[in-house]
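Participant: Once you've had a glance at the structure underneath, I'll fire off some questions.
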Amino acid sequence: MTTTVCGRCKSSGAVTDHQGRQDGAVVWTILRCPTCNFSWRDSEPARAIDPAARSADFAVDAGDLQRYPKILQQ
Amino acid sequence: MNDLPNRARSISSLRDFLELLEDSGQAITWSDPVMPEPGVRNIAVAASRDANGAPAIVFDNITGYPGKRLAVGVHGSWDNIALLLGRPKGTTIRELFFEIAGRWGDQEAQISVVPEAQAPVHECRIEQDINLYDVLPVYRINEYDGGFYIGKASVASRDPLDPDNFGKQNVGIYRLQIQGPDSFTLMTIPSHDMGRQIMAAEREGVPLKIAVMLGNHPGLAVFAATPIGYEESEYSYASAMMGAPMRLTKSGNGIDILADSEIVIEAELQLGERELEGPFGEFPGSYSGVRKAPIFKVTAVSHRRDPIFENIYIGRGWTEHDTLIGLHTSAPIYAQLRESFPEVTAVNALYQHGLTGIISVKNRMAGFAKTVALRALSTPHGVMYLKNLIMVDADVDPFDLNQVMWALSTRTRADDIIVLPNMPAVPIDPSAVIPGKGHRLIIDATSYLPPDPVGEAHLVTPPTGDEIDALSKRIREMQLGALS
């Protein structure tokens, strides 16, 4: 079953953006985390999308989004 | 295939070029079922291993994307670049370099205009319920990218403060991260044309509309990827460098676009808004950080029937990105150096967009190569990118790393290198202690001249020149003939 927990920031509530079909059957779903904007396909290897298997180097801290710089400031 | 230059000049679209590549054994169709991840990435990386001869790969059976086509590696090898320039497979990198350097500033632009109703790019039009995921067979390019990226988009825009000026239209390659079905973020920096235009639009509160072209005339990506003057049209420039016409039409939102592109996404900047973007596996072979980037809302999509989505593998080299922009990174540095120093005979800035450069120069006097190196650091590209410079003699081919290593091994005196501390640097260099600042290294591997102590050894001078080049080619042909 498709999880709606983000593999990157562990927030819940991901939205479904698209489903891929093959011969009428859904073969994968693309989800997007509204908190950190991570997008993923539920058919991807666990090390890319499962928070338990994913490298902490690529985690995003949902509690501290202010730390990420804004580009092109006047 | 005996008329390669004319065939190259007759290319007007990605489809034309794929046909030429296929006729030359330089494009293959991957019809076995493949998962978007990690299948597409694995195949693209495997192809990148052969920088000289890799074919373009067209996927037509990606699981979950029935009927959709994806092309990667279109510019992924020197043989493909050679065919684009009207030269045969097997043309050396040095010859390709001089092919491009010889076209610099020499040719006239030929721009023709196609009415929108007749432009192939407008064959199909989507103005409602836009879903980029339904149009593009996207996949995660590197495994920790923050989302699904469009890595080979040529983005066209008008200057928001001077929208009627053709010359001030910008066409550049920027990375786009899809942010939901009808939105994407665009990464740029203030010094790039698009960065200037975004900041101007937000400062003045005026709209900024753009057209994202995918699957384009293959000359545009080569010649629009390196910055030229702000008021010089990239279309005119690409046409002049290709020695061929560029067919333009208008996008639905009024921007000049290529008439024969596969797909055009029309979009508008959401003034002042920023969304989290990244990371993305970039050309130095490292991931960018996560940042808040400008976001665009898609207003319409045009595409040819059965469009081909062209994308790129970019990451730790060697990748298509290196073959795509390498020669056209090198040629302007060469031209700019030659204005002051005609002793410069070739420039190789192929590596990571010129983070390492190799310059061949005939020493006018002892130490002269170092003077040339300092001039290279002050060229437009050198200011940020040329981090390591290796200076070699004029009779060393800087594109032949065996010869460069000979020069390093036998010409370098370790007390005769220069480190320039605390210089500007491209922020994306993963070796940076402080991103945006760093040291420059100049290694003088040229021969010694008095008053340097020259030493007693005399160099061997093996035969070189056209006769040896011809013999080398004949040997290769005899070898290939023995197989057939």
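The values are calculated or read from the model by the stated rules, or taken from the named source; none is laboratory data. Because the structure is a prediction, the values reported are computed rather than measured. Note that we place each Cβ from the backbone using ideal geometry, even for glycine, and neighbour counts take in every protein chain shown. Note: accessible area is taken over every heavy atom of the protein model, side chains too, but ligands, DNA and RNA are not part of it. Shrake-Rupley method; radii C 1.70, N 1.55, O 1.52, S 1.80 Å.
Participant: Give me the net charge of B:A211's neighbourhood, meaning all other residues with Cβ under 11 Å from the Cβ of B:A211; Lys, Arg count +1, Asp, Glu -1.
Facilitator: Summing Lys and Arg as +1 and Asp and Glu as -1 gives 0.
Participant: What number, in nm² with one decimal, is the all-direction average of the projected area of the convex hull of the alpha-carbon atoms of the range B:109-217?
Facilitator: Mean orientational projected area (the range B:109-217, Cα hull): 8.8 nm².
Participant: Taking a cut-off of 18 Å between Cα atoms, list the lysines near B:K370, but don't count ones fewer than 8 places away on the same chain.
Facilitator: By straight Cα distance, B:K370 reaches B:K362, B:K387.
Participant: Once you place label points 7 Å from the Cα toward the Cβ at B:E108 and B:A200, how far apart are they in nm?
Facilitator: 2.9
Participant: Over 10 Å intervals from 0, what percent of Cα-Cα pairs in the range B:325-376 sits in each interval?
Facilitator: 28, 56, 16, 1
Participant: Something else: So if R0 is 56 Å, what FRET efficiency would B:I418 and A:A62 give, r being the distance between their Cβ atoms, rounded to the nearest 0.05?
Facilitator: 0.75
Participant: Per the 1.4 Å probe, what fraction of the accessible area of chain B, in percent, lies on carbon and sulfur atoms?
Facilitator: Roughly 52 percent, rounded to a whole number.
Participant: Taking θ as phi - 60°, what are the ³J(HN,Hα) couplings along the range B:276-282 by the Karplus curve (6.51, -1.76, 1.60), each to the nearest whole Hz, with x for Gly and Pro?
Facilitator: Here the 3J(HN,Hα) series is 4, 9, x, x, 9, x, 9 Hz.
Participant: Starting from the 7 Å offset along Cα-to-Cβ, what nm value, one decimal, do you get for the label separation of A:R47 and B:I434?
Facilitator: Roughly 3.6 nm, to one decimal.
Participant: Ok, one more. Counting partner chain Cβ atoms within 10 Å of every residue's Cβ in A:30-37, what's the average?
Facilitator: 5
Participant: Right, something else. For chain B, the longest stretch holding no chymotrypsin sites (Phe, Trp or Tyr not before Pro) located in a DSSP loop with at most 13 other Cβ atoms within 10 Å is which?
Facilitator: Longest run free of exposed loop sites: B:231-484.
Participant: Report the longest stretch of chain B that contains none of the GluC sites (Glu not before Pro) sitting in a DSSP loop with at most 10 other Cβ atoms within 10 Å.
Facilitator: It works out to B:109-455.
Participant: Can I ask one more? Using the Cα centre of the protein assembly as shown as the reference point, and only Cβ charges (+1 on K/R, -1 on D/E), how large is the resulting charge dipole? Debye, rounded to the nearest 20.
Facilitator: For this selection, approximately 900 debye.
Participant: I would also like to ask the following. Taking H as built 1.01 Å from N, whose amide H comes closer than 5 Å to the amide H of B:I257, not counting residues under 5 places away?
Facilitator: B:T249, B:K250, B:S251
Participant: Dividing the Cα radius of gyration by the Kirkwood radius, what Rg/Rh value follows for the range B:341-453?
Facilitator: We get a ratio of 0.96 for the range B:341-453.
Participant: Using amide H atoms built 1.01 Å from N in the peptide plane, name the residues 5+ places from B:A346, or on other chains, whose amide H lies under 5 Å from its own.
Facilitator: Under 5 Å from the amide H of B:A346: B:S360.
Participant: Suppose we keep just the DSSP beta bridges with both residues in the protein assembly as shown; what percent of those would be antiparallel, to 5?
Facilitator: 75
Participant: Sticking with this one: Quick check on chain B: of the DSSP beta bridges with both residues there, what percent are antiparallel, nearest 5%?
Facilitator: Percent antiparallel among DSSP bridges in chain B is about 70.
Participant: Enter the buried accessible area of the A/B pair, total of both sides, probe 1.4 Å, in Å² rounded to the nearest 100.
Facilitator: Approximately 3200 Å², summed over both chains.
Participant: Same structure, new question: To the nearest µm²/s, what D does Stokes-Einstein give for the protein assembly as shown at 25 °C and 0.890 mPa s, using the Kirkwood radius over alpha carbon pairs as Rh?
Facilitator: The diffusion coefficient I find is 99 µm²/s.
Participant: Ratio of the range B:4-310's C-alpha Rg to 2.2 N^0.38 Å, to two decimals?
Facilitator: Dividing the Cα radius of gyration by 2.2 N^0.38 Å gives 0.96.
Participant: At a Förster radius of 41 Å, what calculated FRET efficiency corresponds to the Cβ-Cβ distance of A:V26 and B:V383, to the nearest 0.05?
Facilitator: After rounding, the FRET efficiency stands at 0.20.
Participant: Using only helices, what value at 222 nm comes out for the protein assembly as shown when you add -39,500 (n - 2.57) per DSSP H run of length 4 or more and divide by the total residues, to the nearest 500 deg cm²/dmol?
Facilitator: Result for the protein assembly as shown: -7000 deg cm²/dmol, rounded to the nearest 500.
Participant: Of B:I443, B:S378, B:G354, which is farthest towards the positive pole of the range B:341-453's charge dipole, taken about the Cα centre with +1 and -1 on the beta-carbons of Lys, Arg and Asp, Glu respectively?
Facilitator: Checking the options against the dipole of the range B:341-453, the answer is B:S378.
Participant: Then there's this: Can you list the HN-Hα couplings for the range B:427-432, worked out from phi with the Karplus curve (6.51, -1.76, 1.60; θ = phi - 60°), rounded to whole Hz and with x for Gly and Pro?
Facilitator: Ordered by residue, 3J(HN,Hα) equals x, 7, 5, x, 8, 5 Hz.
Participant: Mind computing the radius of gyration and Dmax over the alpha-carbon atoms of chain A? Å is fine for both.
Facilitator: When restricted to Cα atoms, chain A yields Rg and Dmax of 14.2, 51 Å.
Participant: Going Cα to Cα from B:K250, which lysines come in below 23 Å? Please leave out same-chain ones fewer than 8 positions away.
Facilitator: Within reach: B:K152, B:K168, B:K209, B:K297.
Participant: If you place +1 on the Cβ of every Lys and Arg and -1 on the Cβ of every Asp and Glu, how big does the dipole about the Cα centre of chain B come out, in debye to the nearest 20?
Facilitator: Dipole about the Cα centre, nearest 20: 640 debye.
Participant: Whose amide H sits under 5 Å from the amide H of B:Y139, counting only residues 5 or more places off or on another chain, with H placed in the peptide plane?
Facilitator: For B:Y139, the qualifying residues are B:Y149.
Participant: A further question on this structure: Given an 8 Å cut-off on Cα distances and at least 6 residues of separation, report the relative contact order of chain B as a percent.
Facilitator: 14
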